[in-house]
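Colleague: Encoded as structure tokens, here's the structure I'll be asking about.
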Amino acid sequence: MKGIIMAEQKVMNRWLVVIGGILIQLCLGAIYAWSAFTKKLELAPYEFSRPQTQFIFSLGLATFAIVMAFIAGPWQKKAGPRIVALTGGVVLGLGYVLAGISGTNYLGILLGIGLLGGAGIGLAYVCPIAALVKWFPDKKGMITGLAVAGFGFGALIWVKLTGGFKFGPVDLTPGWAGLFGADWSVNNVFILYGILFAIFVGLGSLVMVNPPSGWLPAGWTPPTTGAGASGGKDLKVKQIVRTFQFWILFSTFTVGALAGLMVIGIIRLFGMDTLTANGIETAKAATICGTAMGLFYALLNGLGRIIWGTVSDKLGRKNSIFLMSTLQGIMMIAFYFIAGNEWGLYIGAAIIGFNFGGNFALFPAATADLFGSKNVGVNYPWVFMAYGVGGIAGPMLGGYMGAREAWMWAFIPAGIACLVVAALALKLKPVEAQT
């Protein structure tokens, strides 16, 4: 009886880590909420140029990836996830508060949001992932998907708090136009968000701990074959970068990020072009595009993380990455042809967002499967660097072809690339299982 009680306590403990991880990730999704501020910052009294506002966002993404790989991964392995996540929350909060008290000073906002904000996100992001794959070796895909879903849904929450929870024609907060509608300034919102981020990430970090060494869920035995099986090795960064598995993961994640981020960057421009070309008036086309991105893409992006992660626990990471990349490739090609229709735009945005979200559940779980769970907090940030590569290439491809009204040459190559890496994914297998 005592053993059963202890096992139940362990299960309760690991679900508390899930709650803490989701709370942390909800705040870190702030990086995707930057679009809520850009238009305000281009107007008086700020009068920043569009390249200036985009540079803040780009600096945040770059700092996020670099800090996660070079600082957060190694540090959390030595000190544990709690102190690193807590530090990340404090740095993120301070960054937003600094931006808030900087008034119209561009350098202050750049350093606050771009440098400190990106660093705080980079410090905290990997901590829930690293801890949870150790607490849930039996459900790695589902649990990483659940944790990182908070990142996607968090972005939606922080954006909508500024302007009200309106999704195209659907208004969930009638009569309330958000913080900006209540005459809050950008600086005041920055300060509020900074305080909230520090508090919520701090609370989530309190339960961010690793399980005891050698701990396994009661009644669960690690599989030797099939979904979730690993090669039995715990490899380090200098070892994984010498394997073909790492480069397949890196290439596949790069293309997945390229496709998803390209669509995020151009869906409004592309949608407006195709809808108005088919006779839909400009005002209605703008509403349709807003709904496609603000509701269909955003919602399915979050759900895709949970669903693809759960599916991968049944089908295996290799098969799931293959299916996700194949579906994304087909949809990217089809999207070019169907986006001129309202429901075609909605369906395309939903499926592309769904698959894009799946990347963030499948690749950390695959990293644990292929290279071992012990060092996933150090190894995954290097796989995640692919997101940065795709984040540069995708928007650049879409922007370049869009400026030349050659949309086909953005979507078709991206779709073909997804199909190519889908085939590569079939070669994935744990390092020790090579023959």
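Colleague: Surrounded by fewer than 23 Cβ atoms within 10 Å (Cβ to Cβ), at pLDDT 95 or above and either in the same structural domain as residue 405 (by TED's automatic domain parsing) or among the aliphatic types (A, V, I, L, M) (or both): does that describe residue 266?
Modeller: When the stated conditions are applied, residue 266 does not pass them.
Colleague: Quick check on this structure: which one of 321, 288, 352 is part of a helix (DSSP H, G or I), within 22 Å of residue 270 (Cβ to Cβ) and at pLDDT 95 or above? Don't jump to the end; show me each part of the working.
Modeller: Values: 321 fails: within 22 Å of residue 270 (Cβ to Cβ); 288 fails: at pLDDT 95 or above.
The conditions single out 352.
Colleague: With the condition kept exactly as written, say whether any residue in the range 284-302 is in contact with a helix residue (DSSP H, G or I) (Cβ under 8 Å, 6 or more places away or on another chain) and within 23 Å of residue 135 (Cβ to Cβ).
Modeller: The answer is yes; a qualifying residue exists.
Colleague: Can you report the number of residues in the range 96-107 which are over 16 Å from residue 196 (Cβ atoms) and within 26 Å of the chain's Cα centre (by Cα)?
Modeller: The total comes to 0.
Colleague: Taking the stated definitions as given, is residue 384 assigned to a helix (DSSP H, G or I) and either under 17 Å from residue 296 (Cα atoms) or at pLDDT below 95 (or both)?
Modeller: On the way: assigned to a helix (DSSP H, G or I): yes; either under 17 Å from residue 296 (Cα atoms) or at pLDDT below 95 (or both): yes.
Taking the combined requirement at face value, the residue satisfies it.
Colleague: Does the range 171-179 include one or more residues that are assigned by TED's automatic domain parsing to the domain that holds residue 42 and assigned to a helix (DSSP H, G or I)?
Modeller: Yes, some residue in the range 171-179 is assigned by TED's automatic domain parsing to the domain that holds residue 42 and assigned to a helix (DSSP H, G or I).
Colleague: From the list 417, 406, which residue is farther than 19 Å from residue 304 by Cα, of a type in the set (A, V, I, L, M) and part of a loop (DSSP other than H, G, I, E, B)?
Modeller: Details: 417 fails: part of a loop (DSSP other than H, G, I, E, B).
It is 406.
Colleague: Applying the selection to the range 377-435, what residues are among the hydroxyl-bearing types (Ser, Thr, Tyr) and either in contact with a Lys or Arg (Cβ under 6 Å, 6 or more places away or on another chain) or under 30 Å from residue 277 (Cα atoms) (or both)? Outline the logic, then answer.
Modeller: Let us first name the residues in the range 377-435 that are among the hydroxyl-bearing types (Ser, Thr, Tyr), namely 380, 387, 400, 435.
The answer is 400, and nothing else.
Colleague: What tally of residues in the range 281-327 results from selecting those that are surrounded by fewer than 20 Cβ atoms within 10 Å (Cβ to Cβ), touching a Cys at 6+ places or on another chain (Cβ under 9 Å) and closer than 24 Å to residue 151 by Cα?
Modeller: 1
Colleague: Let me ask you something else. Tell me the residue from 299, 249, 269, 235 that is closer than 28 Å to residue 374 by Cα and in a helix (DSSP H, G or I), please.
Modeller: Unique residue meeting the criteria: 249.
Colleague: Here is a list: 228, 214. Which entry is farther than 30 Å from residue 355 by Cα and either in a loop (DSSP other than H, G, I, E, B) or modelled with pLDDT under 95 (or both)?
Modeller: Result: 214 is the single residue among 228, 214 that is farther than 30 Å from residue 355 by Cα and either in a loop (DSSP other than H, G, I, E, B) or modelled with pLDDT under 95 (or both).
Colleague: Starting from residues that are in contact with a helix residue (DSSP H, G or I) (Cβ under 7 Å, 6 or more places away or on another chain) and in a loop (DSSP other than H, G, I, E, B), keep the ones in the range 97-139 and report whichever is modelled with the lowest pLDDT.
Modeller: The selected residue is 139.
Colleague: Out of everything in the range 39-94 that is aromatic (Phe, Trp, Tyr), part of a helix (DSSP H, G or I) and within 23 Å of residue 159 (Cβ to Cβ), what residue ends up being nearest to the chain's Cα centre (by Cα)?
Modeller: Quick first cut of the range 39-94, residues aromatic (Phe, Trp, Tyr) only: 46, 48, 55, 57, 64, 70, 75.
Next, only the ones that are part of a helix (DSSP H, G or I) stay: 55, 57, 64, 70, 75.
If we keep only those that are within 23 Å of residue 159 (Cβ to Cβ) too, we end up with 55, 57, 64.
On the way: 55: 19, 57: 15, 64: 12 Å.
Looking at residues that are aromatic (Phe, Trp, Tyr), part of a helix (DSSP H, G or I) and within 23 Å of residue 159 (Cβ to Cβ), I get 64.
The values are calculated or read from the model by the stated rules, or taken from the named source; none is laboratory data. Bear in mind the structure is a predicted one, so any value in this text is a computation, not a measurement. A quick note on method: Cβ atoms are made from the backbone with ideal geometry, for glycine too, and the neighbour counts reach across all protein chains shown.
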